[in-house]
Amino acid sequence: PRRVFSGVQPTGNLHLGNYLGAVKRFVEMQDEAAELGGETLYCMVDLHALTINPDPAELRKSTRELAAAFIACGLDPEKSILFNQSQVQAHAELAWIFNCVARVGWMNRMTQFKEKAGKNREAASVGLYAYPVLMAADILAYRATHVPVGEDQKQHLELTRDIATKFNLDYGQPGFFPMTEPLIEGVATRVMSLRDGSKKMSKSDASDMSRINLTDDADAIAQKIRKARTDPEPLPETLDGLAERPEAKNLVGIMAALSNRTTAEVIGEWAGKPFSEFKPALADLAVESLAPINARMRELNADPGHIDQVLAKGADKADAIAAPIIDEVYDVVGLLRSR
Ligand code: TYM
């Protein structure tokens, strides 16, 4: 059976890229799993967030807010296992074992580390370097078979498969860990900055105008879309016409994802029309889609006690799956346990 796992870092607000590339897909997979069977586990990866040394009170707050955002987007604690990583010991335990499996040469190829560490790589934390190993542990602690993510996580999921392969081989346990499938699907696997079509939409971009946050109100959303960078041409007549126009392509992709259509369908509707007509329509659609999420998030944030209860229950359910797998791992690698 299919077991779906994914994680999001609790580091400030979710933006439209996180929503369209990940959380909206999580909800679709939750609803599919309810029909087809299998489980969906969605994790607030607070241990990963420590790699950027957040303020402790902020981290706790962001973790609760991310849980509220998940629920507001349509994740249902009765259908999916919603929890924060640090409440389930398996993640940190398996990460250490995987640190002893992964090779320095593999880690040195991780492009996201190079981007995040910047020029002064010597000063980066060991945690930031080992970050993708912890991701492999998140996934394999549940023997997850499918991981929905945006495109920027592709290399990390390849590393997860490399770690699983080497573990299975080194310990003579074929099939012990599954070859997890990344699910990088849909029209919004890489939502770009509204200010620069060559950069992805990101929490860390200095300009708030570059992204739409799920906490933005209707005015802010409309303004950001109105001011989004575009070229002066009208929308193209065919899909091919988007090839050299990253900003136009991005806005068409956003409209397609928000309205559950393909980019071809959106182009079919908007061929030859100017951005002065397209942008207000996109702003209306974005406001209409995000306003209910925004309202529900506010309600949920008013009751942190409820969120804590949801996360405690989720952690119990996650632990019930992961703990026996960790026991097997400890046996396989030869860690003595006499109690
Ligand atoms: P994070 O927190 O940076 O992002 C969460 C999810 O959002 C996707 N995403 C995007 N998708 C489309 N367009 C964008 N501009 C965009 N920006 C972000 C990301 O691809 C991701 O799916 N390392 C992960 C968290 C993680 C994880 C895991 C994921 C930890 N353990 C295990 C999967 C499985 C991260 O930092 O995502």
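The values are calculated or read from the model by the stated rules, or taken from the named source; none is laboratory data. If you're wondering where the values come from, they're calculated on a predicted model, not measured in any experiment. Surface accessibility is based on the protein's heavy atoms, side chains included, excluding ligands, DNA and RNA. Shrake-Rupley method; radii C 1.70, N 1.55, O 1.52, S 1.80 Å.
Pairs of Cα atoms in the range 208-299 fall into 10 Å distance bins, from 0 up to the last occupied one, in shares of 17, 49, 27, 7, 0 percent. Each stretch of four or more DSSP H residues adds -39500 (n - 2.57); spread over every residue of the chain, this sum gives -16500 deg cm²/dmol at 222 nm. Exceedance of the 27 Å cut-off in Cα-Cα distance is limited, within the set Lys203/Lys249; Lys61/Lys154; Lys119/Lys224; Lys79/Lys116, to Lys61/Lys154; Lys119/Lys224; Lys79/Lys116. Whole-Hz Karplus values for the range 48-63 come out as 5, 5, 4, 4, 9, 6, x, 4, x, 5, 4, 4, 4, 5, 5, 5 Hz, taken residue by residue from phi with 6.51 cos²θ - 1.76 cosθ + 1.60 and θ = phi - 60°; glycine and proline positions read x.
Near Gly7, the amide H atoms lying under 5 Å from its own belong to Cys43; only residues 5 or more places off or on other chains count, and H is placed 1.01 Å from N. When a 1.4 Å probe is rolled over the protein heavy atoms, the share of accessible surface on the chain that falls to carbon and sulfur comes to 51 percent. For the chain, take the longest principal axis of its alpha carbons; what is the angle in degrees between that and the long axis of helix 154-170, to the nearest 10 within 0 to 90? Helix 154-170 sits roughly 20 degrees off the main axis of the chain. Rg ratio for the range 119-174: its Cα radius of gyration over 2.2 N^0.38 Å, N being its residue count, equals 1.30. A 1.4 Å probe run over the chain, with the rest of the protein chains in place, finds 48 Å² accessible per residue.
Can you tell me what percent of all Cα-Cα pairs in the range 94-192 are more than 17 Å apart? That tail contains 52 percent of the Cα-Cα pairs. Reported value for the chain: 153 Å³ per residue, from the convex hull of its C-alpha atoms.
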